[in-house]
1. Through the Karplus equation 6.51 cos²θ - 1.76 cosθ + 1.60, θ set to phi - 60°, convert the phi angles of segment 56-69 into ³J(HN,Hα) values in whole Hz; use x for Gly and Pro.
2. What percentage of the solvent-accessible surface of the chain, computed with a 1.4 Å probe over protein heavy atoms, is contributed by carbon and sulfur atoms?
3. Which residues among segment 57-76 fall inside the zone where the amide N is under 17 Å from a point 7 Å beyond the Cα of E138, along Cα→Cβ?
4. Using only the alpha carbons, work out the radius of gyration and Dmax of segment 1-86 in angstrom.
5. Given contacts defined as C-alpha pairs under 8 Å and at least six residues apart, what's the relative contact order of segment 1-157, whole-number percent?
6. Considering only R53, R107, R140, give the residue with the highest GNM mean-square fluctuation for the chain, with springs between Cα atoms whenever their separation is below 10 Å.
7. How much length would be gained if the chain were fully extended between T39 and H114, taking 0.36 nm per residue of separation minus their Cα-Cα distance, in nm to one decimal?
8. When ligands, DNA and RNA are left out and all protein chains stay put, how many square angstrom of accessible area per residue does the chain have with a 1.4 Å probe?
Amino acid sequence: MSSHRVPPVIIMGIQGSGKTTIGELLAQRLGVPFVDGDTLHSWKNKEWMASGRALSDAQRLPWLHAVGEALAVAGGSGIVVACSALKRSYRDLLREHAPTMLTVFARGDVDLIHARITARRHEYMPPSLLPTQLEDLEEREDDEPGLTVDIAQTPEQIVERIMTVISAGAASHAN
């Protein structure tokens, strides 16, 4: 990475959008730690979702603070976190912990995402929760520092685009 300071990065989106794949590759390219936000959920939340029930905002709040703390601990050294962060209010809460956070919205066609999630096995996130995630999804807005990427591209293409934005110091670039 160049001499630019690496901002904390959230890869956000619904299940099956490739957050973990993109996040791991980006963290490797940046030379910073990667955290899969799924690992920060309590066992109780994981059991709840595994039973096919969506979390309420109240159930999600401690998890969001844990994600925010992971972002804050990294400070200016950089970190990449995969986190659904579906609602604007969730991302605003994360920015309270990490004000310079760059939000990368992994956006894609619902048919592509459905095909991905039915072809995989997730620890606790059944495909039946996709409709609730789509209901909750509030796409990244132009005033949120970051960018939107098309998951139909390869992870390498997506990471290259993110790297270009970070290298240019254009964390407020909105696409």
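1. 7, 4, 5, 5, 7, 4, x, 5, 4, 5, 5, 5, x, 5
2. 52 percent
3. So the set is 57-62, 64-65.
4. 13.7, 47
5. 37 percent
6. R53
7. Taking 0.36 nm per residue and subtracting the Cα distance, the gain is 24.8 nm.
8. In whole numbers, the chain has 48 Å² accessible per residue.
The values are calculated or read from the model by the stated rules, or taken from the named source; none is laboratory data. Just so we're clear, the structure is a prediction, and the values are computed from it rather than from any experiment. Because the Cβ atoms are built from the backbone with ideal geometry, glycine has one as well, and the counts that use them run over all protein chains shown. Only protein heavy atoms, including side chains, enter the accessible area calculation; ligands, DNA and RNA are left aside. Shrake-Rupley method; radii C 1.70, N 1.55, O 1.52, S 1.80 Å.
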